[in-house]
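K.L.:
Dropping a structure here in structure tokens format, bear with me for questions.
The values are calculated or read from the model by the stated rules, or taken from the named source; none is laboratory data. Fair warning: this is a prediction, and the values are worked out from it, not measured in the lab. Positions of Cβ are backbone-derived with ideal geometry, glycine not excepted, and every protein chain shown enters the neighbour counts.
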Amino acid sequence: ARASFKEVLTDGFQKGYAVGQFNVNGLEYIQAIVEVAEEERSPVILGISEGAMKYVGMDYLIGMANAAKMKATVPVILHLDHGPHFELVMKCIRSGFDSIMYDGSHHPLEQNIQETKRVVEACHAVGIDVEGELGRIAGAEDDLSVDEREAMLVIPEEARRLVDETGIDALAPAIGSAHGHYKGEPKLHFDRLNEIRDLVKIPLVLHGGTGIPDSDIQRAIALGVAKINVNTENQDVFTRTVREVLLTSPKMFDPRKYLGPARAAIKETIRAKIRLFGSHQRA
Ligand code: G3H
Ligand code: ZN
């Protein structure tokens, strides 16, 4: 069913669970994500990056998402992931997205505030909720020194300003997580997360959900994280399954025979995340 991003996140924020944003890499992903959400009675967020939008095409994307929302009885939210500029945000609003993330983290603070505010004003005017980002969330594979990683972390007072001055509905603060596969153990800065939670009082978002130990995920949720983004882990499981099937059956030519098992495999990784995040039996 169609649902409000803000309402779904606020419920998690108040009750101490997080809603998963699972990124869409094609039809099988939408099917897997929404089927599991339904089976687990969990709200769910379909994350659409600019790259995924280009790959699938906006019309197909909207058609599939609408079919999923009509079919599911649990909340299904169509969300722009890391929207890089105002124009793409407008395109998503027109096309029927439920919420958007505007990622102004590549700008200096004042400009991030200005741009995010402009996005929030446009979105709120038509009932669309907005997630903002502050600090910079790196790629896990990037070769960065400890000092360089430290410099990318969010500064709590700046987070307070971004939230107060823009009116965003959720904030993704850079606290040490990264996109992709971590080389070693990720180091999340819980002290900062704690400070930010006290200063901003809105639902927080954890990006780079792949590869973070379960105990850290639970700790983050206890400190106000109400949305967690996962992409790489599903891509990895999906591709590994396709590879295995093709290796064991070199004569196979029917795509349904390798895409089907891959879809079934990511259903189980998504189910494990939903249960870890505590969003099952909430819808
Ligand atoms: O916005 C997308 C997420 O932050 C995905 O991160 O690919 O490391 O799971 P991940
Ligand atoms: Zn992200």
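Residues checked against (1) modelled with pLDDT of 95 or more; (2) among the hydrophobic types (A, V, I, L, M, F, W, C); (3) farther than 21 Å from Gly208 by Cβ:
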| position | (1), (2), (3) |
| --- | --- |
| Ala226 | yes, yes, no |
| Glu233 | yes, no, no |
| Arg243 | yes, no, yes |
| Met252 | yes, yes, yes |
| Lys267 | yes, no, yes |
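K.L.:
Let me ask another. Please work out if Pro173 is over 25 Å from Val8 (Cβ atoms) and at pLDDT 95 or above.
P.N.:
Judged against the criteria, Pro173 is not a match.
K.L.:
In addition: May I ask you to list the residues in the range 83-112 that are within 22 Å of Glu157 (Cβ to Cβ) and either among the basic types (Lys, Arg) or over 21 Å from the mean Cα position of the chain (by Cα) (or both)?
P.N.:
If the condition is that a residue be within 22 Å of Glu157 (Cβ to Cβ) and either among the basic types (Lys, Arg) or over 21 Å from the mean Cα position of the chain (by Cα) (or both), then Pro108, Leu109, Glu110, Gln111 are the ones that fit.
K.L.:
Sort through Gly184, Gly176, Gly260 and tell me the only one that's in a loop (DSSP other than H, G, I, E, B) and surrounded by 13 or more Cβ atoms within 10 Å (Cβ to Cβ).
P.N.:
So the residue among Gly184, Gly176, Gly260 that is in a loop (DSSP other than H, G, I, E, B) and surrounded by 13 or more Cβ atoms within 10 Å (Cβ to Cβ) is Gly176.
K.L.:
Ok, one more. Has the range 34-43 got at least one residue that is among the polar types (S, T, N, Q), in contact (Cβ under 8 Å) with a residue 40 or more places away in the chain, farther than 22 Å from Glu268 by Cα and surrounded by 15 or more Cβ atoms within 10 Å (Cβ to Cβ)?
P.N.:
No, because not a single residue in the range 34-43 is among the polar types (S, T, N, Q), in contact (Cβ under 8 Å) with a residue 40 or more places away in the chain, farther than 22 Å from Glu268 by Cα and surrounded by 15 or more Cβ atoms within 10 Å (Cβ to Cβ).
K.L.:
So, in the range 224-259, of the ones that are within 30 Å of Glu7 (Cβ to Cβ) and of a type in the set (A, V, I, L, M, F, W, C), which residue ends up farthest from ligand 1 (Cβ to nearest atom)?
P.N.:
This residue is Ala226.
K.L.:
Can you spot a residue in the range 89-100 that is within 13 Å of ligand 1 (Cβ to nearest atom) and either surrounded by 16 or more Cβ atoms within 10 Å (Cβ to Cβ) or closer than 24 Å to Gly139 by Cα (or both)?
P.N.:
yes
K.L.:
Here's another thing I want to ask about it. Say whether the condition of being outside any helix (DSSP H, G or I) and surrounded by fewer than 13 Cβ atoms within 10 Å (Cβ to Cβ) is met by at least one residue in the range 119-132.
P.N.:
yes
K.L.:
Going through Leu153, Leu144 one at a time, which residue ends up being of a type in the set (A, V, I, L, M), at pLDDT 95 or above and either in contact with a helix residue (DSSP H, G or I) (Cβ under 7 Å, 6 or more places away or on another chain) or not in a strand (DSSP E or B) (or both)?
P.N.:
Only one candidate passes the filter, namely Leu153.
K.L.:
Which residue is nearest to ligand 2 (Cβ to nearest atom), if the candidates are limited to the range 187-201 and must be buried (at least 20 other Cβ atoms within 10 Å of the Cβ) and not charged (D, E, K, R)?
P.N.:
Leu188
K.L.:
In the range 218-250, which residues are within 16 Å of ligand 2 (Cβ to nearest atom) and outside any helix (DSSP H, G or I)?
P.N.:
Val225, Ala226, Lys227, Ile228, Asn229, Val230, Asn231
K.L.:
Of the residues that sit in the range 5-27 and are in contact (Cβ under 8 Å) with a residue 60 or more places away in the chain and of a type in the set (S, T, N, Q), which one is farthest from Ile266 (Cα to Cα)?
P.N.:
My answer is Thr10.
K.L.:
Within the range 52-59, does at least one residue satisfy the condition of being part of a helix (DSSP H, G or I) and within 16 Å of ligand 2 (Cβ to nearest atom)?
P.N.:
For the range 52-59, residues part of a helix (DSSP H, G or I) and within 16 Å of ligand 2 (Cβ to nearest atom): present.
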